Amino acid sequence: MSNPIAAPRPFPAAAHDKLADRQLRANLHRATHTIRDKRLRVVAELPDWQRLREAASALKADAKSRLPELLTQFEAAATAAGATVHWARDAAEACAVVADLVRSAGATEVVKVKSMATQEIGLNEALEAAGIAATETDLAELIVQLAEDTPSHILVPAIHYNRTQIRDLFRTRMAGAPADLTDDPPALAEAARRHLRAKFLSATVGISGANFAVAETGSLVVVESEGNGRMCLTLPQTLISVVGIEKVVPTFRDLEVFLQLLPRSSTGERMNPYTSIWTGVTPGDGPENVHIVLVDNGRTTTLADPVGRQALHCIRCSACLNVCPVYERVGGHAYGSVYPGPIGAILSPQLTGEGFNRTLPYASTLCGACYDACPVRINIPEVLVHLRQTGPHPRAERAGMRAMSWLMSDRRRYAAALRAARRGAAPLRLVARRAAKRRGSVPSEGDQRETVRRLPWPLSAWTASRDAPLPAGPTFREWWEKEHGRS
Amino acid sequence: MGAREVILDRIRAALGPSPIRVEVPREYRTGGVPDVDLFVDRLVDYRAAVRRCGPNDLAAAVAEALADTRVLAVPPGLPGEWLTAYHGEVVRDGDPRPLSVADLDAPGVTALTGCAVAIAETGTLVLDAGPDQGRRVLTLVPDHHVCVVHAGQIAAGVPDALARLADPTRPLTFVSGPSATSDIELDRVEGVHGPRRLEVIVVEPSGP
Ligand code: SF4
């Protein structure tokens, strides 16, 4: 089984392919800009937004510093309320615990609420191997599952599909979809409702994640929109929730901060349609068997890095994805992990440890938009730079940096290299100018800096892992020497 | 050593011998005067239907909201005086037996409940399974949910609403508008798995 948080290919190669997909880029552009505008509007409504962010950041840091105490407190409270708490060191152990629980409940089918933790541990694949069919009930997850695709966004896993593509998918792959289904979003939602209704009403086991776990009360919180979460949390007799150990917050009161920050940052709404909070078992109301699986899977190694550990504060709102210029252009799949975008670039390599995801900390321009947007104030650029400095450098990057430092340490050598680059790139500049003329437009500020993918030796080492701007005409120094002779 | 001890040991090792203590600044707003108009405005924004009435017109407002209801499902402790103007069929959960999912899934079923507290700033109803709200399934499976909110139950913001809850370990459901999805091009579409229609009756002491 492939690891859902370890990229199978280096980011530059994957990104290169995605950039060529025009439909993908159009869908992403539209979706990320819609959500950005909505987010800004509702964030502006709260005069104390920055104070909420400060509180959230401190709350998460406080929780981290008292994690053993809070986890055992959570365990005791949840157990007293009738839940059974399990612990899992890694993905394989977590999957085995869940599969055993499903088996002992006598079920071969489960309904699932969208959860990053279960994606991270590859639960659906593990259940399938154990002969258990898992149905994703979130609309976007259903789209992705029908398409036999993988999610490309934390919050809107099918963000790379537009309505027409979704309609075609439903028509061809969803049992019972009307033949004359239109691409009107309400019609699409109605078709999904009918398709899933029977599953909800007959399921005996539900599986969820949790957005927060409250140490004080032993409660779990699920934030959602469609009501599929409520169905999975309420109707089955057995409920299994897979929860990362970093999800714990100290007190019930602390939710007053996160329940303001999360919906506004994620869907750009004042509040999401449904939030469910439950504590163990309530006789007569909801599942009789409640299980909680607390998962490490790389979190404790991340915690050991004093700079990198802030990645564990993430509440998975996905605001950083929506504002990221790199994400907007390449989409989530290029990151090769269930955690894409800026948070993925710092979380995936830390969770997997050395040897995986080496190129991900380079998947960013360090523009800082993610830091500004992050409701829990994770300094993503700081962690990116830290990981670039401490992590193993990708091979091409290492060669590029070594070549540049050799060139730049000698003025003559550097000038000669620039001249070579200019000569090599001259035909390209001509092509670029012609292309701009053909477009019939005065090139805008951004377009004017035409780039080149490959420069001649020795600068080729630099362009092996990045495009370079087309070299300028003569430098000032060269012009001066020509006009005035060598001084 | 079991997984539990291993993980707790790993955390202790990662944090080192003396983890830094962090003070949490709570300088955000925690109170304020609840604004009923704002609450109504937020609800309408989610495309919930809103009726405002005085205490004496509550029964009439309920009957109006239930005009196209075939069967009305209510929790065990729903006040009888809310129903004095409604003449359709009423089934009460737990009386004589708990309603089944099939009962609630039948066409034309409406659930009528109260709420524990409401939030003006976000247009949210908070249900805590109290006597006039009942089990969670009651407000989940039917296609239509009508909820009565007394003006005094409305808190200004999220912090004061949470503080008002009597017991946070009861099953809690925060409802903000009808069920919706933003999964198709990030457009909000109402009506997926929860009730597709949400109607809120706001009762104000001096009438609307
Ligand atoms: S890093 Fe911050 S902005 Fe990004 S998903 Fe996590 S909480 Fe949201």
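The values are calculated or read from the model by the stated rules, or taken from the named source; none is laboratory data. For clarity, every value in this text was computed on a predicted model and none was experimentally measured. Here the Cβ is made from the backbone with ideal geometry for all residues, glycine too, and neighbour counts use every protein chain on show. Remember, those area values only see protein heavy atoms, side chains included, never the ligands or the DNA or RNA. Shrake-Rupley method; radii C 1.70, N 1.55, O 1.52, S 1.80 Å.
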> Do we find a residue being within 7 Å of chain B (Cβ to nearest Cβ), outside any helix (DSSP H, G or I) and open to solvent by 20 Å² or more (accessible area, probe 1.4 Å) anywhere in segment A:253-267?
Replying inline: no
> Of all residues in segment A:332-344 being aliphatic (A, V, I, L, M) and either free of Cβ contacts under 8 Å to residues at least 24 places away in the same chain or within 13 Å of the ligand (Cβ to nearest atom) (or both), which is farthest from residue A:362 (Cα to Cα)?
Replying inline: A:338
>> I'd like the full set of residues that are away from chain B (no Cβ under 11 Å) and within 29 Å of the chain's Cα centre (by Cα), limited to segment A:196-211.
In response: A:205, A:206, A:207, A:208, A:209, A:210, A:211
> Of these, B:128, B:103, which one is open to solvent by less than 60 Å² (accessible area, probe 1.4 Å) and within 11 Å of chain A (Cβ to nearest Cβ)?
Replying inline: B:128
> How about segment A:345-358: which of its residues are within 14 Å of the ligand (Cβ to nearest atom) and within 14 Å of another protein chain (Cβ to nearest Cβ)?
Replying inline: A:350, A:351
> For residue B:9, all conditions in the list (1) within 11 Å of chain A (Cβ to nearest Cβ); (2) farther than 30 Å from residue A:93 by Cα hold save one; what is the number of the exception?
Replying inline: (2)
> Just one of the numbered conditions (1) assigned to a strand (DSSP E or B); (2) within 8 Å of another protein chain (Cβ to nearest Cβ); (3) not charged (D, E, K, R) is not true of residue B:148; which one?
Replying inline: (2)
> Scanning segment A:364-376 for residues that are within 12 Å of the ligand (Cβ to nearest atom) and within 16 Å of the chain's Cα centre (by Cα), which turns out modelled with the lowest pLDDT?
Replying inline: A:369
> Here are some residues: A:220, A:155, A:181. Which one is part of a strand (DSSP E or B) and either closer than 28 Å to residue A:257 by Cβ or away from chain B (no Cβ under 12 Å) (or both)?
Replying inline: A:220
>> Looking at A:361, A:381 in this structure, which one is modelled with pLDDT of 90 or more and more than 10 Å from the ligand (Cβ to nearest atom)?
In response: A:381
>> Condition check: more than 30 Å from residue A:39 (Cβ to Cβ), hydrophobic (A, V, I, L, M, F, W, C) and open to solvent by less than 20 Å² (accessible area, probe 1.4 Å). Does residue B:201 satisfy that?
In response: yes
> Do we have residue A:56 as of a type outside the set (Ser, Thr, Tyr), open to solvent by 20 Å² or more (accessible area, probe 1.4 Å) and in the same structural domain as residue A:135 (by TED's automatic domain parsing) here?
Replying inline: no
>> Which of the helices (runs of 4 or more DSSP H) found entirely inside segment A:296-377 contain at least 1 residues meeting this: among the small types (Gly, Ala, Ser)?
In response: A:319-323, A:341-352, A:369-373
>> On the basis of being open to solvent by less than 10 Å² (accessible area, probe 1.4 Å) and of a type outside the set (Ser, Thr, Tyr), does residue B:152 make the cut?
In response: no
>> Just to be sure I understand, how many residues within segment B:155-197 are assigned to a strand (DSSP E or B), open to solvent by 10 Å² or more (accessible area, probe 1.4 Å) and more than 8 Å from chain A (Cβ to nearest Cβ)?
In response: 1
> Just one of the numbered conditions (1) without any contact (Cβ under 8 Å) to a residue 40 or more places away in the chain; (2) within 11 Å of chain A (Cβ to nearest Cβ) is not true of residue B:45; which one?
Replying inline: (1)
>> Here are the criteria: (1) of a type in the set (Ser, Thr, Tyr); (2) open to solvent by 10 Å² or more (accessible area, probe 1.4 Å); (3) more than 11 Å from chain B (Cβ to nearest Cβ). Tell me which single one residue A:241 does not satisfy.
In response: (2)
> Out of curiosity, is residue A:77 farther than 29 Å from residue A:378 by Cβ and open to solvent by less than 40 Å² (accessible area, probe 1.4 Å)?
Replying inline: no
> If a residue has to be more than 10 Å from the ligand (Cβ to nearest atom) and touching a Lys or Arg at 6+ places or on another chain (Cβ under 6 Å) to count, how many in segment A:313-331 make the cut?
Replying inline: 2
